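Data first, discussion second: the structure below is written as structure tokens.
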Amino acid sequence: MRLPKLQLYTKVLIALAAGALFGLIANRFEFSGFVGVWIKPVGTAFIRLISMVVVPLVFASLVVGTASLKDIRTLGRIGAKTLVFYMCTTAVAVSIGLVLTDIVRPGTSLPQQARERLIHDAANQRDSVTPPAAQQPSIRDLLLNIIPTNPIKSLVDGQMLQIIFFALLMGICLTLIAPERGRPVIDFFKGIDEIIVRMVHLIMLTAPYGVFALIASVVADFGAGILLMLLQYSIVVLLGLAIHMLVVYSSALKILTKTGVRRFFQGLRPAQVMAFCSSSSNATLPVTMDCVTRNLGVSPHVCSFTLPLGATINMDGTALYQGVAAAFLAQIYGIELSSMQHLTIVLTATLASIGTAGIPGAGVIMLAIVLGSVGVPLQGIGIIMGVDRILDMCRTVVNVTGDGVCAVVVASTEGQIALDVQGDSQKASARKTAPDDLRARFSEPS
């Protein structure tokens, strides 16, 4: 009677533990055949449901998200700086994840015989096979292939980079035509986006059953070795998140601003705690804006643009996780990623972050895009989904921290930051300074 009252992530964790235990018992007493025939199809159905919504969700959300960014034209220089900062840090985050995974190689710890069975199983279920490295396109061809010759065919074939490019271009053009003509189109895609998001919510209600079936079937086939491999994968993700937050963000603050690193993290601490607890950049946005204006002295003129935009398109932590997950699953399935495929992951994860909703669990849907771009079987999502919740909490902290760093960097370069505002250690006095009072300290950018 109490189970329906549990949070979804709690149910997923329970399903993970129950599925792992059931799989170990099946492996020990050799009735994995029963699991494969009667339980595994439930997990396969869950993966197919996720695959079903990827293309419409990405296309509709990107069109709507891009079309709503009208401030890019009015704010000009601030908008350009914000977009460049977010795109660059996201690309760096994905690269960090890929490098760490290639160094540690957590996906190779599974015994060779077990990996061969997993590869054979995936080959029987997926529709396409990754082309060999010799057939991989050059960098020039890869960049040219982003531009679709037939957008409808790209949608049908699920060519994600082409879909993302066309959706971004359509969203930008919707902001350039007369509002009375563009508004019906935007409203149409908003309706599609809301329908697909609601569909995702319904699909995620089945996640505990899908996770139980997927983990039970995998552990029944391969034993406890895959659980140790998941632990190594989680450590790599957390290490990458720590490096990005403590090295990349701290370097940006030291080089581009006069705000001390310690003061910044003290001032943003309430938002980071909220991000960890909620796993949602959107839910944390009001707290982030309050911390950045009151504790860090960023002008509301800058804050009101950079932070809402960041909650929409800045997903450094999610992008890093997607890079690690894609490389990790490629190692499990014996796929040697070429340099072109690494670049494809960086481009896809960076562009897909624009369409990633700032809500818990959205990264799983975006991961399907990244995996599809390099031909890694989507069945691998079920292997890592059981540990996704705790990683989701941690990567949301990185996402929100990146939003705050961008606001401070842009405000510093625009002369729109009050360096005399006290940090979190003296937040009592800082609270006396209202955003309206802060606004009086700044002049409009020249």
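Readers should treat all values here as calculations from the given coordinates under stated rules, not as data from a laboratory. Bear in mind that the values here come from a model prediction, so they are computed numbers and not experimental data. Here Cβ is always computed from backbone atoms with ideal geometry, including for glycine, and neighbour counts include all displayed protein chains.
By the count of neighbouring beta-carbon atoms within 10 Å, fewest first, LYS11, LYS153 end up ordered LYS153, LYS11. Net length available on complete extension from ILE152 to PHE276 is 40.7 nm, with 0.36 nm assigned per residue and the Cα-Cα distance removed. The modelled label-to-label distance for the pair VAL37/ILE255, using points 7 Å beyond Cα in the direction of Cβ, is 6.1 nm.
Each label point was placed 7 Å from the Cα along the Cα-to-Cβ direction; for GLU336 and ARG198 their separation is 5.0 nm.
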